[in-house]
Amino acid sequence: SHLKPLIIMKKITLFISMLAISAAVFSQSCPIGTSGSFTQVGSTWTLTFNYTATGNKNFKIMVYCGSTVLLDTCQTVKGDGTLTYTGLICAGGIDALSATFEGRSGSCNATPCSNFQILPPGGGPLPVRLGSFFAKRINNTVALNWKTETEINSKEFILERKTGASFVAVATIAAANRVTGSSYAHTDNNTNKGVTLYRLKIVDIDGSFTYSNVSAVKGTATVSDFTVFPNPSNGNAKVTISDISEPTDVQLVDLSGRVIKKFSLTNTNTVELNSLQKGMYMIRITNKTSGESSTQKLSVVN
């Protein structure tokens, strides 16, 4: 008989513990969007969003008119409810309006745990919004980098290169498909001596696609930049060529067009010009493969 109170107490303790665990798990659940819509009120639009949530949760909310951001906010919610945003102006009408609601069980900076989208009627998946796309030559390779501002229903990026009459695919990179956007990088082996054009084919899950802007990068045979120091000079100067990758001629020319000195560089990128007479000169460097040239003035004041 003395054991019964102890057993009852253990059951009560176990029940309380189970309630505490259940409450902790329940409080960590993700807020979920259930429905949403845009309605027109006069010349503006109202966005209504319904959701379920337990405890204090957050939604990261982005509203667009085409590619223009109308609303970018984080809203704290508690329990089931409705969010309403009024006075939204979009000249493109309902066909241009879209919205995303990312649920977060923690703070606004936490990793999203749910995603609710309101897409344009009949518009299909929202396109990837590309923030930047750059190409830069590094010796015999080209470094390509791009960033997206948002990705919804995106599948992949097909990197295309044009060195002749048409673009050809050189790499396929899977999309991260993050609503908040991502960063990407790819290195392309490229020894083309002329200018190369690059672009991205941005493919959605349903197979639809768009193209990025075109980014150009110089060829290996393009004339390099160079510096002359000191300039003005007291009669001695040094010519230094950056990123030299092809045989290059360096000429010192006077104002009458007469070549005073000439050097051919293959294994070095520096030329010393010594014992120059007072006057104005032109220094011309020429890529021997492509024939392209670049010129700078040199003033000698001794």
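For the reader, a short list of remarks on this structure follows.
- Taking 0.692 mPa s as the viscosity and 37 °C as the temperature, the Stokes-Einstein diffusion coefficient of the stretch 23-96 based on its alpha-carbon Kirkwood radius rounds to 243 µm²/s.
- Compared with the alpha-carbon gap, the fully stretched path from Thr44 to Lys278 is longer by 76.9 nm at 0.36 nm per residue.
- Ligands, DNA and RNA aside, Glu149 has an accessible area near 120 Å² when probed at 1.4 Å.
- The stretch 53-141: C-alpha gyration tensor shape, a/c 1.5 cut-off, then a/b vs b/c: oblate
- In a simple Cβ point-charge model (Lys, Arg +1; Asp, Glu -1; nothing else charged), the stretch 35-120 has a dipole of about 240 debye relative to its Cα centre.
- Each of Leu265, Asn145, Thr295 was placed along the dipole of the chain (beta-carbon charges, centred on the mean Cα), and the one lying farthest toward the positive end is Leu265.
- Distance from the stretch 37-112 to the stretch 150-213 (C-alpha centre basis), Å: 30 Å
- Rounded to the nearest 20 debye, dipole of the chain from Cβ charges on Lys, Arg, Asp, Glu: 640 debye
- Taken over the stretch 131-200, the convex hull of the Cα atoms encloses 79 Å³ per residue.
- On Cα atoms only, tilt of 3-27 relative to the major axis of the chain in degrees: 40 degrees
- Over the stretch 143-275: Kirkwood hydrodynamic radius from C-alpha pairwise inverse distances, Å: 18.5 Å
- The fraction of Cα-Cα pairs per 10 angstrom bin, counted from 0 for the chain, comes to 5, 18, 17, 14, 13, 12, 10, 6, 2, 1, 1, 0, 0 percent, rounded to whole percents.
- Share of pairwise Cα-Cα distances greater than 18 Å in the stretch 78-190 is 64 percent (whole percent).
The values are calculated or read from the model by the stated rules, or taken from the named source; none is laboratory data. Just so you know, these numbers come straight off a predicted model, no measurement behind them. Using ideal geometry, Cβ is built from the backbone for each residue, glycine included, and neighbour counts are taken over all protein chains shown. Surface areas here come from the heavy atoms of the whole protein model, side chains and all, with no ligands, DNA or RNA. Shrake-Rupley method; radii C 1.70, N 1.55, O 1.52, S 1.80 Å.
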